[in-house]
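Input: a single structure, listed below in structure tokens.
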Amino acid sequence: MTYLAAPDRYESIDSGRTTFRRCGRSGLDLPAVSLGLWHNFGDDKPLDTQRAILRRAFDRGVTHFDLANNYGPPYGSAERNFGTIFSQDFRPYRDELILSTKAGYDMWPGPYGQGGGSRKYLLASLDQSLARMGVDYVDIFYSHRFDPTTPLEETMGALDTAVRSGKALYAGISSYSGERTSEAVAILRELGTPLLIHQPSYSMLNRWIEDDLLDVLGETGVGCIAFSPLAQGMLTNKYLDGVPADSRAAQGKSLSPDLLTAKNITHVRALNEMATARSQSLAQMALAWALRDPRVTSVLIGASSVTQLDDSLGALENLDFSPEELDQIDQHAVEAGINLWARSSER
């Protein structure tokens, strides 16, 4: 069936209840909730399910779809599957979409495809991503991780080239420390391509960006989009009573069962009780909490179904917290050892 986007998809803007936020000191607005294709968009999921999620997201005002070269499985399949759906459903709406992709981790055989921040790898990967997605450009191209073996000038120079070539409109970085972010900002500023956005992991159980990164982003005018705001699924009701067979933990997808300790689950259950008192699901409260700081432009969610997507978007109905609620949350929003990307952001 020919897809026609919902005519009321921007109704929240027209009514004054905007769900969009300005990205740092740029001219770009992003939806407060963006859709990530890290999981559930590879060849292990039906294309019709992927299509239904993407259509529903756009119909509800989600204009930003976030990918990376090695999302799948297998590597590249999320971009390829998205490209198929884009060509059939979303091409007429290209100017309403923000499409982003990244390069930084291993992708193809041989010395030039093992990831990092070299000019060779980043620009070759971008060309491959554009081909898989079937688009002429992406809106944001990210360095997916800091590479200590490559001069930062080379990595940022590659992002500058991507923008100047027209293959990307903006430059971004992901999982960089506050110090390295400051250096990246300075290099790109000198090159004439401002850093638009940083994509760090951030959740109630992984609060590392509060140490200094948020301050750096606020001072330099760089936007922030938080990935894994549900702590790889821990901040949902999925693990309150064990490990379901279809969960990430059971399948070994970015959440080890070893992290589901009695201590961590005790904190999650307490947070779930607070969410119930706010008439929210735990996931909704977790997303709203991550958006409480104005320096956080957007939160990046995943979705395995339209129902799960709708539940997450329900967070936008209540983004306010009293000081008492925040104090209570702080007692249980504690480090849980789930930051899989700490090595990149500590260098």
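The values are calculated or read from the model by the stated rules, or taken from the named source; none is laboratory data. No experiment lies behind these values; they were computed from the predicted model shown. Counting neighbours? That spans all protein chains shown, and the Cβs are built from the backbone with ideal geometry, glycine included. With ligands, DNA and RNA removed, areas are computed over all heavy atoms of the protein, side chains included. Shrake-Rupley method; radii C 1.70, N 1.55, O 1.52, S 1.80 Å.
Tabulated results
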| read-out | value |
| --- | --- |
| Residue-wise HN-Hα coupling along region 182-187, computed from phi with Karplus coefficients 6.51, -1.76, 1.60 (Hz; x: Gly, Pro) | 4, 5, 5, 4, 5, 5 |
| Built amide H within the under 5 Å cut-off of Ile197, gap 5+ | Ile173, Gly223 |
| Unit charges on C-beta of K, R, D, E only; dipole of region 1-120, Debye | 340 debye |
| Dipole moment magnitude, nearest 20 debye, the chain about Cα centre, only Lys, Arg, Asp, Glu C-beta charged | 760 debye |
| Glu219 accessible area, 1.4 Å probe, all protein chains in place, Å² to nearest 10 | 140 Å² |
| Eligible lysines near Lys238 by straight Cα distance, threshold 23 Å, same-chain separation 8 or greater | Lys45, Lys253, Lys263 |
| Amide proton proximity set for His64, modelled H, under 5 Å, gap of 5+ | Leu35, Ile98 |
| Full-stretch length increase - Glu154, Tyr3 - with 0.36 nm per residue and alpha-carbon distance subtracted | 50.1 nm |
| Protein-only accessible surface order, largest first, of Val222, Val306 at 1.4 Å | Val306, Val222 |
| Reported label for calculated mean projected area of the Cα convex hull in nm² given (i) 16.7; (ii) 18.6; (iii) 40.5 | (i) |
| Contact order relative to length of region 255-347, as percent, for alpha carbon pairs under 8 angstrom and 6 or more apart | 34 percent |
| Accessible area of the chain divided out per residue, in Å², using a probe of 1.4 angstrom | 42 Å² |
| Area of Trp208 that stays accessible when all protein chains are in place (1.4 Å probe, Å², to 10) | 40 Å² |
| For Arg21, residues with placed amide H under 5 Å, excluding near neighbours | Leu30, Ala32 |
| Normalised contact order of the chain, rounded percent, pairs of Cα under 8 Å and 6 or more residues apart | 18 percent |
| The chain: calculated mean residue ellipticity at 222 nm from DSSP helix runs of at least 4, using -39500 (n - 2.57) | -10500 deg cm²/dmol |
| Apportionment of accessible area to carbon and sulfur, region 97-211, percent (1.4 Å) | 52 percent |
| Environment charge at Arg347 (Cβ cut-off 10 Å; Lys +1, Arg +1, Asp -1, Glu -1) | 0 |
| Environment charge at Asp139 (Cβ cut-off 13 Å; Lys +1, Arg +1, Asp -1, Glu -1) | -2 |
| Hz values of 3J(HN,Hα) by residue in region 203-216 - Karplus curve (6.51, -1.76, 1.60), Gly and Pro given as x | 7, 5, 10, 7, 10, 4, 6, 6, 5, 8, 5, 4, 5, 4 |
| Positive dipole terminus of the chain, leading residue within Val33, Ala226, Tyr112 (C-beta point charges) | Tyr112 |
| Sequence of Asp95, Asp59 from largest to smallest accessible area, 1.4 Å probe | Asp95, Asp59 |
| Derived scalar couplings ³J(HN,Hα) [region 284-298; Karplus, 6.51 cos²θ - 1.76 cosθ + 1.60; whole Hz; x for Gly, Pro] | 4, 5, 4, 5, 4, 4, 5, 8, 5, 8, x, 6, 8, 6, 8 |
| Candidates Tyr176, Tyr142, Tyr239: whichever shows maximal mean-square fluctuation once the chain is modelled as a Gaussian network with Cα springs under 10 Å | Tyr239 |
| Order of exposure, largest accessible area first, which applies to Ser182, Ser345 with probe 1.4 Å | Ser182, Ser345 |
| Neighbour net charge for Arg80 - beta-carbon separation under 10 angstrom, K R +1, D E -1 | -1 |
